Each structure stands twice: as structure tokens, then as C-alpha cells.
Amino acid sequence: MKNTKNVIILTKEQVDNLLKLKKHGFSRKELKSEDGSYFLENTNTLLIHDLAYMNRNYTEEEFIELVTSIAQKGQLVPITLYRGKVVDGRHRLLALKYLKVDYVKCIKLPNNYTLNDVKEYIMNVEKRRHDNNLQKNCRYYLQYLQEKDKYESLNEFIKVNSLTSNIKKINKIAEILGIETIRIAYNFGKVKIDNKYYSSINSLYTKALDIKKEMSNFNKNKQQAGLEIIEDEKIKNKLEKMLEDIDNIIDAGYKDEIIYIISKKIKGIKND
């Protein structure tokens, strides 16, 4: 298969194998859905808008998977048109052409959208489409924080939006590691802690609980250190500040920097 800006070329053997899976198609009678959620356009007459190429081409594996899915289940997601041209769904359109389906389900953006409006729409759709489960739940949690005044509690938000208890885990992660960790998880789909990446809710949640336990143990050890026996107030104050810095680092999930901070602080004490 070859990728270019305008076309993805499948071999004849690939096409023949995919056509054997074909079970769905549309007739001219189905020009519009009963609920008005989409309308049909001729597959062979639609043009691709230049903005549609803002998003990357599918890999061969991804495209074959898409064609196979449409062959077996039909076109589940309509493509999006702007002023008669495709701005989202060019791979679905090409898949339907390979499957010799004459009509494609479409929705359209308002004609009064500016090109910047269309760009924003395309990027938002693409981002949501490829979000992993961690990102999706982080997005809902950030939405909850923005709309917090509308709900009596997080439980109500979960119930109203038909979400799962994973949102509660995201909330706990935010309490332990900070809201910035949630933003990082949402933007990148993973969080790096102690030179290891966490890309699932459960793994990040477990790590957060481990860090909380470590923080608790550290605080106990700090109390047992007996800072009160240090008579030199200057040294005592610097040691207390050092311990606060360590607390902040653990809270942020960066234990690998603790030794550096300790050595730096102790060196500062010795130099006084």
C-alpha cells in the first residue's frame, strides 16, 4: 500500500479479500436518516478539502482495520463536510470507495464557520478519537472542575454524565499528585514518575497511593528525627526547610531528585 496526499492505494489482492467481507451498503432511497442525524452523498463525487490533510495519513495496518470494520459493520461514523467538501473522514470515504459503496453518511458544518473554526473542529475531533482511557477520564475530570458549581458533588457529576467510578480514581490522583499531573496525563496520555511511564488509570492510581504511603512514612520518620535536639537555630531552620523541599518533591512524584536536594542543602550548611 502506498500513502500520498490524495490517495491510499491497495493491491488488487487486498481489495478482493476485503470485498469478501462486505455486508453493508446504502441505496438511493436512504438519502436521509429518520432522525435527521445524517444525510447521504454520492461516494464518487465528493471532494476532499485541503484542511482534511491537517491530520496524518493512516498506516497500512490502521487503514486495513478501518476498511474491514466498515465491510463488516457498515459506516458507523458520518464524515464531516464543510461547504460541500470533506474536512473529516477522508479515510472512511476512501474505504467506502474500495468497498464499492455508492453513498456515504455525512453531516455538515455551518457555512458561516471561518477556516479557523473548521481547523479547531478538526483538531478536537482527531484528539478525542485517539484519546486513551486515561485521557478520556482526565478530560471528564477537568470538565467537572470547570462546571463544579453546577453539581452538588463529584458523585452527582458521574451520575448525570453516565460515567464510571474511574473519575473517582482520577480525583484521588489529583489530590495526591496535584492537578498538573492530570493535565499532563490528558495532554500526553501518560505521566512519567521515577523514570517510568504510567499510561493507564489503574497503574497511575496505584502509584499515587504508593507515593501517599511513602509520604506518610516519611513524615513519621521526620518526626522521629528529633529536630528539637538541635540547639543551633540556623542549622535547625535549614534542615526543616530541606525536609519541606523533600516533601514537595515526593508530592510531585520526583523522588529521584531527593538526593540532589539533600546534598545541595547539606553543602550549603557546611559552607556557612
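All of the numbers you see were taken from the coordinates with simple rules; none came from a lab. Owing to the predicted nature of the structure, the values given are computational and were not obtained by experimental measurement. With ideal geometry, Cβ positions are generated from the backbone for all residues, glycine too; neighbour counts draw on all protein chains shown.
Quick look at the values:
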| quantity | calculated |
| --- | --- |
| Coordinate range along principal axes, alpha carbons of region 93-196, Å, largest first | 53, 38, 27 |
| Region 131-221, dipole about Cα centre (Lys/Arg Cβ +1, Asp/Glu Cβ -1), debye to the nearest 20 | 240 |
| Charge-dipole axis of region 58-99 as Lys and Arg at +1 and Asp and Glu at -1 on Cβ define it, positive-most pick from 70, 59, 86 | 86 |
